[in-house]
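Visitor: Dropping the structure in here first, questions after.
The values are calculated or read from the model by the stated rules, or taken from the named source; none is laboratory data. Remember, it's a predicted structure, so these values are computed and weren't measured experimentally. Cβ atoms come from the backbone with ideal geometry, glycine included; neighbour counts cover every protein chain shown. Only protein heavy atoms, including side chains, enter the accessible area calculation; ligands, DNA and RNA are left aside. Shrake-Rupley method; radii C 1.70, N 1.55, O 1.52, S 1.80 Å.
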Amino acid sequence: MANCAIVGINWGDEGKGRMVDLFTKNFDVVVRFQGGGNAGHTVINEHGKFALHLLPSGIFRDGVVNILGNGVALDPENLWTEMRDVLDKGVKITPENLRISDRASLLLPWHRDLDELEERRLADKKFGSTKQGIAPFYSDKYQKKTILAGELFYPEELKEHLASLLEWKNLTLTKVYGAEPYTMERLEEWLQTACEKIKPYICDTGAYLKEAQDAGKHILFEAQLGSLRDLDYGIHPYTTSSNTTAAYAPIGSGLPSARIMDVVGVVKAYSTCVGEGPFVCEMFGDEAEELRKAGFEYGAKTGRPRRVGPLDIVATRYGVEVQAATELALTKLDVLSYLDKIPVCTHYLLKGEQTDRFPFPTALKDAKPVIEYFDGWKCDISGVRRWEDLPKEAQEYVTYLEKAVGCPITYVSVGPERDSIIIRK
Ligand code: GDP
């Protein structure tokens, strides 16, 4: 099997974790290449139900090597908490099956504080951050004002480096936000606790990946969030602070020479969005509440109710383009089984004109959805495993979608469990 990336096509929460968990049986290595603990991948398998935030979803398969690449926001405290949760449920995590890039930058304790302070300053203009410190972290990374994980092995130099960052960051904390300054003692405590715990897993993962590639091993690249949250191609400024697209996978994973032939885009059978920003096809009232309940659309990290709407063809087609997806996995089709008629946003109306191009972010707030309805199937499809056993209406919905967005739907997921899948190839 060639190298493969599993990416989100929309706003995130499409069910990528579930797809990665399924795919891992055919891969030797799973790499997370961007993002941090600000979103959750839900995985249900024989070990139980897990909301993974930073750990690659391959952690549950024996023999799979999981890597946190240099592109991730490595938060030692949250990572260790997550590792403990998974370990407590009997899953094995060792320096053999989890490897952390020595070139990954560390999310420092003040990044979470800065996120909180900035959201407080913005008050009603806030972006709906998950307050995990991701935006302050990536800003500092690009200013070269963080610590690389590998620096933990150079204690003398590390102390000096941290002291200079401390002096610089305290200026922002105290003078801009009027907050308490950090002290070296607090940072040392952080080093002794959280950082010491993850240290055994840190190594030169770039060298490992190169060897794995040369040996013909199969590598799976796991993305967080979706196209519309990509820093460069998403709905600015309501994006995340990293690149969620498959094109970034070689850089953020530590294998710049990687060729990714197969890009599996994950699309939910309807739309959901967490946080602020334009969401053209948003539903409100009872209609929204029913869909939210049917799909259990509450954030894995925050528990916040997600905004919901019908599948948005305009946004999805754009998402497919941005990811250069070669095939699609459509998830949560079972959730729509209660509907008599299934709404789909086929176009946008912008300044009185119908368009199927995804508009510039500033123009999105003026776009209105054009909705068409498809016949529902009104029966439980969660036990279906073969395409030909799906009701005709469900087949029509899927074939319409793949044609409309211009990419084949090769996987149809009808439940959260590992085997609740219809494979069409
Ligand atoms: P991710 O971040 O893209 O991995 O997505 P999330 O984990 O945030 O959200 C997907 C949710 O949908 C999780 O609770 C999954 O267990 C669940 N899920 C995934 N696929 C299906 C499906 O086909 N049907 C149903 N009913 N639930 C699903």
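Visitor: List the number of the failed condition for Val322; all other conditions in (1) over 15 Å from Glu402 (Cα atoms); (2) surrounded by fewer than 20 Cβ atoms within 10 Å (Cβ to Cβ) hold.
Guide: Result: Val322 fails condition (2) only.
Quick grid of which residues meet (1) under 24 Å from Ile422 (Cα atoms); (2) more than 16 Å from the ligand (Cβ to nearest atom); (3) in contact with a Lys or Arg (Cβ under 8 Å, 6 or more places away or on another chain); (4) open to solvent by 10 Å² or more (accessible area, probe 1.4 Å):
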| site | (1), (2), (3), (4) |
| --- | --- |
| Val280 | no, yes, yes, yes |
| Glu290 | no, no, no, yes |
| Gly303 | no, no, no, yes |
| Ile313 | yes, yes, no, no |
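Visitor: Going by the structure shown, is Tyr298 at pLDDT 95 or above, surrounded by fewer than 21 Cβ atoms within 10 Å (Cβ to Cβ) and within 16 Å of the ligand (Cβ to nearest atom)?
Guide: no
Visitor: In the set Leu336, Leu330, which member is within 15 Å of the ligand (Cβ to nearest atom) and assigned to a helix (DSSP H, G or I)? Let's see the steps before the verdict.
Guide: Details: Leu330 fails: assigned to a helix (DSSP H, G or I).
Going through Leu336, Leu330 in turn, just one is within 15 Å of the ligand (Cβ to nearest atom) and assigned to a helix (DSSP H, G or I): Leu336.
Visitor: Could you list all residues from region 1-21 that are within 10 Å of the ligand (Cβ to nearest atom) and either of a type in the set (Asp, Glu) or out of contact with any helix residue (DSSP H, G or I) (no Cβ under 7 Å at 6 or more places or on another chain) (or both)?
Guide: Asp13, Glu14, Gly15, Lys16, Arg18, Met19, Asp21 - these are the residues of region 1-21 that are within 10 Å of the ligand (Cβ to nearest atom) and either of a type in the set (Asp, Glu) or out of contact with any helix residue (DSSP H, G or I) (no Cβ under 7 Å at 6 or more places or on another chain) (or both).
Visitor: Only one of these is surrounded by fewer than 23 Cβ atoms within 10 Å (Cβ to Cβ), among the hydrophobic types (A, V, I, L, M, F, W, C) and under 28 Å from Lys268 (Cβ atoms): Val91, Val31. Name it.
Guide: Values: Val31 fails: surrounded by fewer than 23 Cβ atoms within 10 Å (Cβ to Cβ).
Testing whether each residue is surrounded by fewer than 23 Cβ atoms within 10 Å (Cβ to Cβ), among the hydrophobic types (A, V, I, L, M, F, W, C) and under 28 Å from Lys268 (Cβ atoms) leaves just Val91.
Visitor: Test Ser101 against the criterion of being farther than 19 Å from Leu225 by Cβ, surrounded by 24 or more Cβ atoms within 10 Å (Cβ to Cβ) and not hydrophobic (A, V, I, L, M, F, W, C), and give yes or no. Steps first, answer last, please.
Guide: Values: farther than 19 Å from Leu225 by Cβ: yes; surrounded by 24 or more Cβ atoms within 10 Å (Cβ to Cβ): yes; not hydrophobic (A, V, I, L, M, F, W, C): yes.
Against the criterion (farther than 19 Å from Leu225 by Cβ, surrounded by 24 or more Cβ atoms within 10 Å (Cβ to Cβ) and not hydrophobic (A, V, I, L, M, F, W, C)), Ser101 qualifies.
Visitor: Can you tell me which residue is farthest from the ligand (Cβ to nearest atom) among those in region 366-422 that are within 27 Å of the chain's Cα centre (by Cα) and aromatic (Phe, Trp, Tyr)?
Guide: Tyr400
Visitor: Right, something else. Looking at region 315-327, which of its residues are small (Gly, Ala, Ser) and either within 13 Å of the ligand (Cβ to nearest atom) or over 25 Å from Gly376 (Cα atoms) (or both)?
Guide: First, pick out the residues of region 315-327 that are small (Gly, Ala, Ser): 315, 319, 324-325.
Answer for region 315-327, where residues must be small (Gly, Ala, Ser) and either within 13 Å of the ligand (Cβ to nearest atom) or over 25 Å from Gly376 (Cα atoms) (or both): Gly319, Ala324, Ala325.
Visitor: Let me ask something additional. Run Thr272 past the list (1) open to solvent by less than 30 Å² (accessible area, probe 1.4 Å); (2) outside any strand (DSSP E or B) and report the number of the one that doesn't hold.
Guide: The failed condition is (2).
Visitor: What's the total number of residues in region 167-220 that are over 22 Å from Phe153 (Cβ atoms), touching a residue at least 40 places away in the same chain (Cβ under 8 Å) and among the charged types (D, E, K, R)?
Guide: Looking only at that region, the number is 2.
Visitor: Of everything in region 221-236 that's within 16 Å of the ligand (Cβ to nearest atom) and either of a type in the set (S, T, N, Q) or surrounded by fewer than 22 Cβ atoms within 10 Å (Cβ to Cβ) (or both), which residue is modelled with the highest pLDDT?
Guide: In the first step, residues of region 221-236 are kept if they are within 16 Å of the ligand (Cβ to nearest atom); the result is 221-230, 234.
Narrowing further to those that are either of a type in the set (S, T, N, Q) or surrounded by fewer than 22 Cβ atoms within 10 Å (Cβ to Cβ) (or both): 224, 227.
Numbers: Gln224: 92, Ser227: 97.
Once the filter is applied, the top-ranked residue is Ser227.
Visitor: Taking only pairs six or more apart or across chains, which ones have beta-carbon atoms under 6 Å, a first residue in region 11-25 that is of a type in the set (Ser, Thr, Tyr), and a second residue that is open to solvent by 10 Å² or more (accessible area, probe 1.4 Å)?
Guide: If the second residue must be open to solvent by 10 Å² or more (accessible area, probe 1.4 Å), the pairs left are Thr24/Arg61.
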